[in-house]
Amino acid sequence: MIIGKAYNLRGRYNLEINNNDSAFYYFTKAEKIFFIYKDSANISKNYINKANAQLLENDFLGCEQSSFSALR
């Protein structure tokens, strides 16, 4: 689970320096790890971060899907 948090942190760093493709990559890797451990709180936070990266890349449909997944 710590590795998932590290991937999430790396994704947020890439999001801050406007490297959105790499941020999406790290958020996806973190999502897979959080699913293995069934950590719903971190999965939802990760989905919000992923939706933010998709929004900045003008992927509006993907952003909406990630946002609804966070609510679930």
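Computed over protein heavy atoms with a 1.4 angstrom probe, the accessible surface ordering of 16, 57, largest first, is 16, 57. Residues considered: 18, 46, 58. Largest GNM mean-square fluctuation over the chain, using C-alpha springs under 10 Å, is found at 58.
Surface exposure of the chain, expressed per residue as accessible area with a 1.4 Å probe, stands at 67 Å². Each residue, residue 13 and residue 40, gets one label point 7 Å from its Cα in the Cβ direction; the gap between the two is 3.1 nm. For the chain, the Cβ-based charge dipole about the Cα centre amounts to some 360 debye (Lys, Arg positive; Asp, Glu negative; other atoms uncharged). Here the accessible area is traced with a 1.4 Å probe on the protein chains. For the chain, carbon and sulfur cover 56 percent of it. For a paramagnetic label modelled on residue 68 (point 7 Å from Cα along Cα→Cβ), amide N atoms under 14 Å away are absent within region 38-54. The alpha carbon convex hull volume per residue for the chain rounds to 63 Å³. Highest mean packing first, where packing is the average number of other Cβ atoms within 10 Å per residue, the peptides 5-11, 48-54, 61-67 line up as 48-54, 5-11, 61-67.
Largest first, the residues 12, 72 sort by 1.4 Å accessible area into 72, 12. With R₀ fixed at 25 Å, the C-beta to C-beta distance from residue 56 to residue 6 puts the FRET efficiency at about 0.70.
The values are calculated or read from the model by the stated rules, or taken from the named source; none is laboratory data. Fair warning: this is a prediction, and the values are worked out from it, not measured in the lab. Glycine gets a Cβ as well: all are built from the backbone with ideal geometry, and neighbour counts include every protein chain shown. To get the accessible areas, we keep the full protein, side chains included, count just its heavy atoms, and leave off ligands, DNA and RNA. Shrake-Rupley method; radii C 1.70, N 1.55, O 1.52, S 1.80 Å.
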